[in-house]
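Visitor: Handing you a structure now.
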Amino acid sequence: MPSLPAARISHFTARRLRIKVPEKRRDTGFFAVMAERLAGWESVDQVETNPLTASILIHFSDPQRLFLEAVAKNDMFEIDFDAVFAQPEPVINRAAVQSFETADHVLRRWTDNQIDIRGVLFLVLVAGGIFQLVRRRFDTPAPTLLWYAGDLVGLWSDRGPDPAVTAASGSLSGQAG
């Protein structure tokens, strides 16, 4: 038996589901059969297909019933549910971590690997904490909030040494010896 074409869910709301079947793009016969078969399901209100975009848009009334029918009756394509439920890393986290890594790399390069961003941030947090203590601000000082912000973006996680820094320090120690 030939394998079923791979499909992916590209859009899902409370009343609509869009499925893409890229390997069947421009196959009008396949999409006509899909529309006919899916329209026969009890949970499906309407089906729209577009062979040019390899898309099947399903309008439905009950999502639970739709998925139960899909499990029982779908012999038309195979959906990769792992890809559907995979959580991509939020863009803001990736951008923040990349910004700190860039700043760390520049700081290490400027100081010949004597100072890193963690050391600078530590000094800033300690100075801010002392400033808050002098002002008698014992409740949630600003450095604590900054520390938590850094922790949330993974700034304090142990990533190991920076390969560029390791290579630079290795070449410097090789020159000295």
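Any read-out appearing in this document is the output of simple, stated calculations on the displayed coordinates, not a laboratory observation. Because the structure is predicted, anything quoted here is derived from the model rather than measured.
Visitor: When the chain is fully extended, how far beyond the present Cα-Cα distance does Arg16 get from Val97, taking 0.36 nm per residue of separation?
Guide: 25.5 nm
Visitor: A follow-up question, please. Given the Cα-Cα distance of Lys73 and Ile9 and 0.36 nm per residue of separation, how much length would full extension add, in nm?
Guide: Values: separation 64, 0.36 × 64 = 23.04 nm, distance 1.72 nm.
Here the segment from Lys73 to Ile9 would lengthen by 21.3 nm.
Visitor: Want the number for Asp27 to Val120: 0.36 nm per residue separation, take away the alpha-carbon distance, what's left?
Guide: Extending this stretch completely gives an extra 27.5 nm.
Visitor: Now, a different point. Could you run the Debye sum over the Cα atoms of the range 6-85, one equal point scatterer each and no solvent, and tell me log10 of I(q)/I(0) at q = 0.19 Å⁻¹, two decimals?
Guide: So the normalised log intensities are -0.77.
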